[in-house]
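All of the numbers you see were taken from the coordinates with simple rules; none came from a lab. This is a predicted model, so every value here is computed, not measured. Ideal geometry is used to build each Cβ from the backbone, glycine not excepted, and the neighbour counts take in all protein chains shown.
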Amino acid sequence: MESILDSKITYLKGVGPKKADLLKKELGIYIFNDLITYFPFRYADKSKIYKVGDIVTDNTYFQLVGTVSNLTKVGDKRARYVTATFSDDTGSTELIWFRGLQWVMNRFVPGKKYIIFGKPSVFKNKFNFAHPEIEDYEESDFNASGQRLEGIYSSTEKLKNVGLGSRGISKLQKELISQCIEALWETLPEYILENYNLISRKEALVNIHFPGETEIIDKAKERLKFEELLIIQLQLIKDKNSVSHKFKGQIFKTVGNNLNVFYNEYLPFELTNAQKRVIKEIRSDMRTGYQMNRLLQGDVGSGKTLVALLCVLISMDNGFQSCIMAPTEILATQHFNSIKKIIGDLDVNIELLTGSTKKKKREEIHSQLKDGTLDLLIGTHAVLEDVVVFKNLGFVVIDEQHRFGVAQRAKLWKKNSIPPHVLVMTATPIPRTLAMTVYGNLDISIIDELPPGRKPVTTTHVFESKRLRILGFMKDQIKQGRQIYVVYPLIRESEKVDLKNLMDGYHNMIHDFPMPDYQVSVVHGKMKAEDKDFEMQRFVEGKTDIMVSTTVIEVGVDIPNASVMIIENAERFGLSQLHQLRGRVGRGADQSYCLLISGYKLSNEGRKRLEIMVETTDGFKIAEADLKLRGPGDLQGTQQSGVLDLKIASLVHDTHLITLTRNLATKIIERDPSLDKTPNRLLRKQLDKIKEGKQNWGRIS
């Protein structure tokens, strides 16, 4: 049954076609329901009337009652504005407008009282109010009880030009609520409202827009956030259940000779407890008869590749082939070399397939895949080509998954009649609360400890003025046979300034580290792929001492001999980027160093980021701090587009509610998987609506 809330926004009194079109384009408001769930971002306390004489700061909002006089147009046609004098019994202040000038000239009646509300500015040591809100005092609903809170809504320049600034939106909300009050039906079962002490949906929606008192705002927000997060969690759990039960998977019953021999005779060191736990979780998935979809998170150097190899051996023991797909040729080659080295002479047939594999070798690989003699194929996008046909693909590893598109990943699925088990590996730590919500329909494994013997990278924040000491330290490290990365920020490849900084840095390096005593490479995004690979390869082979680069090395090479990471203008990098870059060193047995270089002028946030990097090497702590500092937008999940479309809840500030609703959703689905029981039908109705809108949260593979 259609509700009045499904009506097109055009039909709301005070909107009409022109405003409706702008509301759609500017704010994504198409129907009544979109408007009622467009919430204020803060509230203005209009419970107090100040006097002009009370204005002593430009840091806060003031509400004044007085008269308006001396309306004057100033300037020529191009730069015209209107000024006026606002007075009460304690003094006067200036009002100023830069648009809607004719309306302003006709707005005021001499001697009539008005209420103005706004934040003052200071010009020539005097306070003035630009574009204040105005109300006729006689007609205002200002009441003596002193409780008058007004929601402030985000708007845009185009909307303001048609009278839909914050106050205009508030008027529409008032009209909407008066029309729809009886249609604000309950969406949560009674038992949830009682158990969690939540107010009704109607009360929450009315009070979030027009609160009577401050306390009710918190109750309204909690109710609406709870509902939003619960529905998302229910959807994710149902999705996860349907994925794990919809797709039949291979059953890996046995742990056989390949794994046992490798484990007992070839394993280079004892597995960490975290690695053992993760392998147990994967083994459990592989025995169910349903396709595994698991995300493996592990910091740089935590031993994810070894876990993947052990799973490949389990796949072999059960008569299946495996495939590891990496986003770059360098990373694919690195996997190939490290796995070949670890397995030694163990009877495992492994091949590498990339864009630069020669035709003859390519044909050989295709043939071995078809007849089943090739156990493990490691490669780049080249493994997705239609000519790559497996005899019986049972297990797939996708490394640094966010670099592959959904369609590309789906092609891997189709390489076998029964979809292979999928393990997605990422070295980008995702905070637990975010992972639980954004990737809630995947099983998540975490390797949260480093192998024994790994020394944490020593991180220091150094100011540019210490350049000579930095150069001395670099020369000392090179003398000891170490290699060094020097990384420059490049926000966008098109920014010539950034490219110039990099090239200036490179020329300075050549000057400070002259040939033939030193060799310096340079890599940046403007270079041709083959030139980039050539320079990277020289560094990998130890032919160059210093690699000057942009963040193109963020994901990729494992060079145990590289023990120093120098990051120029470190304050311009995000925390997760800094952490990924630091992870490029510390791969060998030697002590490694990361120098964060900046100028003295730092924003508070920039300073905080560098402090966090110096304090900890724990990727998960860094990810949590990153989430708090700048929100989830730049992490794997996005708060307001794509994966999650959150109207009121925050992945940063509402972690307690995320956990609470996750636990509740799990219990509800366990007891009533189809939400058929009478109390839960309200929840099912919400989920059906989401299905109609085809929203899909957290889909990975």
List the residues whose amide H sits under 5 Å from the amide H of GLN63, counting only those 5 or more places along or on another chain, with H placed 1.01 Å from N in the peptide plane.
TYR50
Whose amide H sits under 5 Å from the amide H of VAL462, counting only residues 5 or more places off or on another chain, with H placed in the peptide plane?
LEU596, ILE597, SER598
May I ask for the percentage of alpha-carbon pairs in the chain that lie more than 32 Å from each other?
64
Nearest 5 is fine: what % of DSSP beta bridges in region 458-616 come out antiparallel, could you say?
0
Residue-wise, which Karplus ³J(HN,Hα) couplings in Hz belong to region 279-285, taking 6.51 cos²θ - 1.76 cosθ + 1.60, θ = phi - 60°, and x for glycine or proline?
4, 4, 5, 5, 4, 4, 4
Say the cut-off is 26 Å between C-alpha atoms; which of LYS253/LYS677; LYS341/LYS526; LYS73/LYS126 go over it?
LYS253/LYS677; LYS341/LYS526
Could you go through region 355-362 in sequence order and give the Karplus-derived ³J(HN,Hα) for each residue, using 6.51 cos²θ - 1.76 cosθ + 1.60 with θ = phi - 60°, rounded to whole Hz, and x for Gly and Pro?
x, 9, 5, 5, 4, 4, 5, 4
Give the long-range amide H neighbours of ASP443: residues separated by 5 or more places, or on another chain, with amide H under 5 Å away, using H modelled in the peptide plane at 1.01 Å from N.
ASN293, LEU295
Along its principal axes, what span do the Cα atoms of region 257-447 show, with the longest given first and each in whole Å?
48, 40, 33
Rg over Rh [alpha-carbon atoms, Kirkwood Rh] for region 102-225
1.06
By average C-beta atoms within 10 angstrom, highest first, the peptides 7-20, 570-583, 589-602
570-583, 589-602, 7-20
With respect to the cross-link table entries LYS240/LYS415; LYS528/LYS608; LYS360/LYS411; LYS455/LYS608, which display a Cα-Cα separation exceeding 26 Å?
LYS528/LYS608
Going out from 0 in 10 Å bins, what whole percent of all Cα-Cα distances in region 569-615 drops into each bin?
25, 53, 18, 3
Taking N as the residue count of region 53-146, its alpha carbon Rg divided by 2.2 N^0.38 Å gives 1.09
Apply the Debye scattering formula to region 2-104, with a single equal point scatterer on each alpha-carbon and no solvent, then give log10 I(q)/I(0) at q = 0.14 Å⁻¹.
-0.86
Karplus (6.51, -1.76, 1.60) ³J(HN,Hα), θ = phi - 60°, over region 115-128, in Hz, Gly and Pro reported as x:
9, 10, 9, x, 10, x, 10, 10, 9, 6, 6, 10, 7, 9
Once every DSSP H run of n ≥ 4 in the chain is given -39500 (n - 2.57) and the sum is divided by its residues, what mean residue ellipticity at 222 nm do you get, rounded to the nearest 500 deg cm²/dmol?
-12000 deg cm²/dmol
Starting from 0 in steps of 5 Å, tell me what percent of the Cα-Cα pairs of region 458-616 lands in each bin.
2, 9, 19, 23, 23, 15, 7, 2, 0
